[in-house]
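Accompanying notes for the structure given below.
The values are calculated or read from the model by the stated rules, or taken from the named source; none is laboratory data. These figures come from a predicted structure and were not determined experimentally. Cβ atoms come from the backbone with ideal geometry, glycine included; neighbour counts cover every protein chain shown. Areas reflect the complete protein model, heavy atoms only, side chains present, ligands, DNA and RNA absent. Shrake-Rupley method; radii C 1.70, N 1.55, O 1.52, S 1.80 Å.
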Amino acid sequence: MNIQEQLISKTQQAIIDFNGQEIPLASISLQETRKEFEGEVTIVTFPFIKFSQKSPEETGQIIGEYLLKNCDFVKSYNVLKGFLNIALKDQHWIDVLVSINNHSNFGQLASKNEKVMVEYSSPNTNKPLHLGHVRNNLLGFSLAELLKAAGYDVIKVNLINDRGIHICKSMLAWLKYGNGETPESSGLKGDHLVGKYYVAFDQHYKVEIQELMAQGLSEDEAKKQAPLILAAQAMLLKWEEKDPETIALWEKMNAWVYAGFEKTYQAMGVSFDQYYYESNTYLLGKDIIEQGLAKKVFYQKEDQSVWIDLTAEGLDHKLVLRGDGTSVYITQDLGTAALKHSDFGMKRSIYVVGNEQDYHFKVLLLILQKLGFDWAKGLFHLSYGMVDLPSGKMKSREGTVVDADDLIAEMIESAKLQTEALGKINDFPAEEKNKLYETIGLGALKYFLLKVDPKKRLLFDPSESIDLQGNTGPFIQYSYARIQSILRKVNRPIPSHCEIDTINSNELAIILELNKFEGQIAIAAESYSPAIIANYVYELAKAFNKFYHDDPISQLDDKKLQDFRLMLCANTAKVIRQSFAILGIAVPERM
RNA sequence: GGUUCGGUAGCUCAGCUGGAUAGAGCAACGGUUUUCUAAACCGUAGGUCAUAGGUUCGAAUCCUAUCCGGACUACCA
């Protein structure tokens, strides 16, 4: 029985001893004592008064007195209104630290022998990645690391949207206006080059629409009849017919994009175990439509189009296959979901996709459940909020997007300026300096994006650079570097046991944080929220910095105390490093 | 209109399986360095937790309504 279970059980026993009344165990809950009061564990006594027949204060006294007498790990207690605060003996907390220290895999929860798939990134190959994609990628990668830490076997998947009318738009514009421009000839990164022609298409298209409207067509008609859009549609048909020239162009331009994406992925530090391409999966799903028709989950209209009636679920009628037999988005997604499951047989599958697609995923999951696939209940849409600018939503066509590559470069530059201004690493070789700027710049960016609850929309103001002070990635990296500095200076192995018997409040605060780590991993994994880890590790770093400020370590003469504090430092560093690994953020040895 | 997510300090966010006087960071103001890295530490100031009801011993947290904002509501993806 652990400490908490003992406290709960003894609390119940205290009242039984007092008057024979039995408090239900479920109504006894322990919580952390707030910082301004003495103690580490608090029991709320309000729910007990109908059993004790005493005031909340008296009830607290009765229980506190009982615990003090009957639990050898309880040091003292105090009662404030309906709150019984319990302080545990220092030795208990020292033991907790030693046990964390000697735990070879602290922060890695026991294997659950369960496969979980995380699909994220899922880019279109017609334009470069922007800040919204950055959030998606960091969130997806971090979620995968988080689930691994929580004991799951994780498969990271990227479903690349490499076909469709939007891809044809870039291809067409490049043919018409590109003059054979290549990444080599222009020096442009491949994804940016292709994106340039996607924008070019839209500009020329708009001109054509204006011209047609001037000729008296309505806007809708003009949009449908503009020569450029007709040409793009024709190109899509040629692609579907596997016209060699079209395919060759498509392959060439996609290869440019992939080379560009690869660089951005590398810069962000994200990776995948498996790629799926829509060009391979877009025809999937039609057999599922057949099954659905046979099971009468779907129905067919006179024009042969296939629909599902979701009005009973509060949704609408939804098209699942066009009248001409071609797929829509959801057709493919039905097929891809089945394919992924047959490839990996995972129990759970998480889609990291923005909340603009809430409706789509609600429908997708509902259809799969209605079709009776037993794996469908394991699907989950991790719906994250959009990244907004002060001016509102980012729009690629209006040029208001924050480009991923630019942003990363700016963050590294800003880390460089800040680091140079502080002048602490002038003795570093140039290569190490650059590495550090990258570590800090990306650390700031990643932490900034990950510390916010994924569900919430996130505001980014490009005119204000991301902070490097306060509740930021670099603050936590700095705490880590400080510890490494101490460990280097003392240069003694971390002991495996402790010979002190009292600890101060700063030390206690750190141990309390360290003790929470694995619980936080479990909670964060269950709620799919790396933000919980980000906020947790910030609290740890704060506690450490206060300790560092107040209490000497390397200049101590008392070796026993020094050993203990070294152990505290080393384990703080360990937990910071692991927390940041979950967030996909590197830690520096010096900064 | 319907569905849905959100609204906490000037700004960015924690806290939300109901518990104490609602917490951080930034920005503002003041202090700390002959002592392990001041990217730090300490302090001051800043709040009708959108609004109104309800449930409860107790509500930022749960329920209802209203207001405000976002997203979705395509034979686009």
Study note, to complete from the structure: Flagged pairs (Cβ under 8 angstrom, 6 or more apart or on separate chains; first in the stretch A:420-433, in the same structural domain as A:LEU468 (by TED's automatic domain parsing) and acidic (Asp, Glu); second within 9 Å of RNA strand B (Cβ to nearest atom) and open to solvent by less than 100 Å² (accessible area, probe 1.4 Å)) are A:GLU432/A:ILE425
Practice item. Taking the residues in the stretch A:244-255 that are touching a helix residue (DSSP H, G or I) at 6+ places or on another chain (Cβ under 9 Å) and within 25 Å of A:LYS156 (Cα to Cα) as candidates, determine which candidate is least open to solvent (accessible area, probe 1.4 Å). Key: A:ASN254
Review point. Among all residue pairs at least 6 apart or on different chains, which show Cβ distances below 9 Å where the first residue, located in the stretch A:531-553, is in contact (Cβ under 8 Å) with a residue 60 or more places away in the chain and the second is aromatic (Phe, Trp, Tyr) and near RNA strand B (Cβ under 7 Å from one of its atoms)?
Key: A:TYR538/A:PHE475; A:ALA541/A:PHE475; A:ALA541/A:TYR478; A:ASN545/A:PHE475; A:ASN545/A:TYR478
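Test of understanding: among A:LYS206, A:LYS224, which residue is open to solvent by 50 Å² or more (accessible area, probe 1.4 Å), under 24 Å from A:VAL401 (Cβ atoms) and in a helix (DSSP H, G or I)? Give the derivation first.
Numbers: A:LYS224 fails: under 24 Å from A:VAL401 (Cβ atoms).
After ruling out the rest, the residue left standing is A:LYS206.
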Point to revise | Counted residues, the stretch A:144-170 - those being among the hydrophobic types (A, V, I, L, M, F, W, C) and within 15 Å of RNA strand B (Cβ to nearest atom) | key: 6
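Of the residues A:LYS546, A:LYS542, A:LYS516, which single one is open to solvent by 50 Å² or more (accessible area, probe 1.4 Å) and more than 8 Å from RNA strand B (Cβ to nearest atom)?
Values: A:LYS546 fails: more than 8 Å from RNA strand B (Cβ to nearest atom); A:LYS542 fails: more than 8 Å from RNA strand B (Cβ to nearest atom).
Testing whether each residue is open to solvent by 50 Å² or more (accessible area, probe 1.4 Å) and more than 8 Å from RNA strand B (Cβ to nearest atom) leaves just A:LYS516.
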Exercise for review: Filter the helices (runs of 4 or more DSSP H) completely within the stretch A:256-357 down to those with at least 2 residues that are in contact with a helix residue (DSSP H, G or I) (Cβ under 8 Å, 6 or more places away or on another chain) and not hydroxyl-bearing (Ser, Thr, Tyr).
Suggested key: A:286-294, A:329-344
**Study point:** Hey, A:VAL118 aliphatic (A, V, I, L, M), within 15 Å of RNA strand B (Cβ to nearest atom) and in contact (Cβ under 8 Å) with a residue 60 or more places away in the chain or not
**Key:** no
**Study point:** Condition broken by A:ASP374, with the remaining ones in (1) open to solvent by 10 Å² or more (accessible area, probe 1.4 Å); (2) near RNA strand B (Cβ under 8 Å from one of its atoms) satisfied
**Key:** (2)
Exercise for review: Tell me which residues, restricted to the stretch A:459-468, are near RNA strand B (Cβ under 9 Å from one of its atoms) and under 22 Å from the mean Cα position of the chain (by Cα).
Suggested key: A:LEU459, A:PHE460, A:ASP461, A:ASP467, A:LEU468
Practice item. Select from the stretch A:409-458 the residues that are more than 10 Å from RNA strand B (Cβ to nearest atom) and in contact with a Phe, Trp or Tyr (Cβ under 6 Å, 6 or more places away or on another chain) and list them in ascending order. Key: A:ILE412
**Study point:** Options A:TYR528, A:TYR480; residue that is open to solvent by less than 60 Å² (accessible area, probe 1.4 Å) and either farther than 16 Å from A:GLU145 by Cα or outside the structural domain of A:LEU468 (by TED's automatic domain parsing) (or both)
**Key:** A:TYR480
**Study point:** Complete set of residues in the stretch A:316-329 that are more than 9 Å from RNA strand B (Cβ to nearest atom) and either touching a residue at least 60 places away in the same chain (Cβ under 8 Å) or on the phi < 0 side of the Ramachandran plot (or both)
**Key:** A:VAL320
Practice item. Would you mind stating whether A:ILE367 is in contact (Cβ under 8 Å) with a residue 60 or more places away in the chain, in a helix (DSSP H, G or I) and either within 13 Å of RNA strand B (Cβ to nearest atom) or open to solvent by less than 30 Å² (accessible area, probe 1.4 Å) (or both)? Key: yes
Review point. Name the pairs whose Cβ atoms lie under 9 Å apart, with the first residue in the stretch A:304-315 and on the phi > 0 side of the Ramachandran plot, the second not in a loop (DSSP other than H, G, I, E, B), and 6 or more positions between them or separate chains?
Key: A:GLN304/A:LEU321
